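Please read the structure below before turning to the comments.
The values are calculated or read from the model by the stated rules, or taken from the named source; none is laboratory data. Computed from a predicted structure; not experimentally measured. All Cβ positions, even for glycine, are placed from backbone atoms using ideal geometry, and neighbour counts span all protein chains on display.
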Amino acid sequence: MEQLVLELAAPELPSLSNFLPGRNRELVAALARFAAGSVGETGFLIWGAQGAGKTHLLNAGVALASDAGIAAQLYAEPGAVDARGAAEAAGLVAIDRIDEADAAASARIFTLYNALKQRGGRLLAASRTPLASLPLREDLRTRLGWGLVYEAQPLPDEDKAAALATYATQRGFDLSAEVIDYLLRHGRRDMRTLLATLAALDRLSLAAKRPVTVPLLKAWLQKDLFKAPAGGVAGSG
């Protein structure tokens, strides 16, 4: 399912509008204010298990800041951080996987935090471990604790059906219980893949001028999963 979506549907850019908050509504609201510069804190740490949506939220925060006219920069891993360049060029700097920072990266992030604080900038970071367990130098960990700290909680399986239906409604199309059940039984259950699938189905439905139904979904899957190139055979991918 994930391979199919990536091949046939251009993924939507991460935003707060296409993030299903579940139990993270307070986090999302606080992040929106932080990214827009409406709070006084310098730091914002999001921690949580893999698959909780931390990277999505960091990208969404950077996008929101950019839309507000704030120079923003995202580092996918702490080793890439350029403390001087980022502090001078950006009002918001986001760092993913900050828990993986080694001693050298921690030193650069510490310098970056102080520079951003002095200039009125902000640091947004994501970690797989909570603040108290972050394997970072103590002065950096302390500074992160001065700001906002939220746990990103994965959407429970029992809440995914309702969340998918709500997401479809927000996009302006109806999603039956049968389609949702089919997706949850036959595809990957992580929300990134599920939401990408719904976005692709929405575009397919509009192009085909047909409602989103299980037959439409099955026809799409069969056509594109098992269509072999000339002279070849179909494979499972």
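Quick check on this structure: which one of Ala105, Ala76 is surrounded by fewer than 14 Cβ atoms within 10 Å (Cβ to Cβ), modelled with pLDDT of 95 or more, in the same structural domain as Lys54 (by TED's automatic domain parsing) and among the aliphatic types (A, V, I, L, M)?
Residue meeting the stated conditions: Ala76.
Give all pairs with beta carbons closer than 7 Å in which a residue from region 204-222 that is buried (at least 17 other Cβ atoms within 10 Å of the Cβ) meets a residue that is at pLDDT below 85 and of a type in the set (Ser, Thr, Tyr); count only pairs at least 6 apart in sequence or on separate chains.
Between residues of region 204-222 that are buried (at least 17 other Cβ atoms within 10 Å of the Cβ) and residues that are at pLDDT below 85 and of a type in the set (Ser, Thr, Tyr), the close pairs are Val212/Ser205.
Of all residues in region 18-43, count the ones that are surrounded by 13 or more Cβ atoms within 10 Å (Cβ to Cβ), part of a loop (DSSP other than H, G, I, E, B) and of a type outside the set (Asp, Glu). If you could, list the steps in order and put the result at the bottom.
Our first condition is that a residue be surrounded by 13 or more Cβ atoms within 10 Å (Cβ to Cβ); within region 18-43, this holds for 18-24, 27-28, 30-37, 39, 41-43.
Then keep just the ones that are part of a loop (DSSP other than H, G, I, E, B); that gives 18-24, 36-37, 39, 41-42.
Remaining after also requiring of a type outside the set (Asp, Glu): 18-24, 36-37, 39, 42.
Selection size over region 18-43: 11.
Please go through region 128-172 and pick out each residue that is among the polar types (S, T, N, Q), under 20 Å from Phe44 (Cβ atoms) and touching a residue at least 12 places away in the same chain (Cβ under 8 Å).
Correct list: Thr129, Gln153.
Just the residues that are within 13 Å of Leu57 (Cα to Cα) and modelled with pLDDT under 90, please, taken from region 17-41.
Result: Ser17, Asn18, Phe19, Leu20, Pro21.
Look at Val233 and say whether it is assigned to a loop (DSSP other than H, G, I, E, B), at pLDDT 65 or above and either of a type in the set (A, V, I, L, M, F, W, C) or farther than 23 Å from Leu164 by Cβ (or both). Spell out the reasoning first.
Working: assigned to a loop (DSSP other than H, G, I, E, B): yes; at pLDDT 65 or above: no; either of a type in the set (A, V, I, L, M, F, W, C) or farther than 23 Å from Leu164 by Cβ (or both): yes.
It is false that Val233 is assigned to a loop (DSSP other than H, G, I, E, B), at pLDDT 65 or above and either of a type in the set (A, V, I, L, M, F, W, C) or farther than 23 Å from Leu164 by Cβ (or both).
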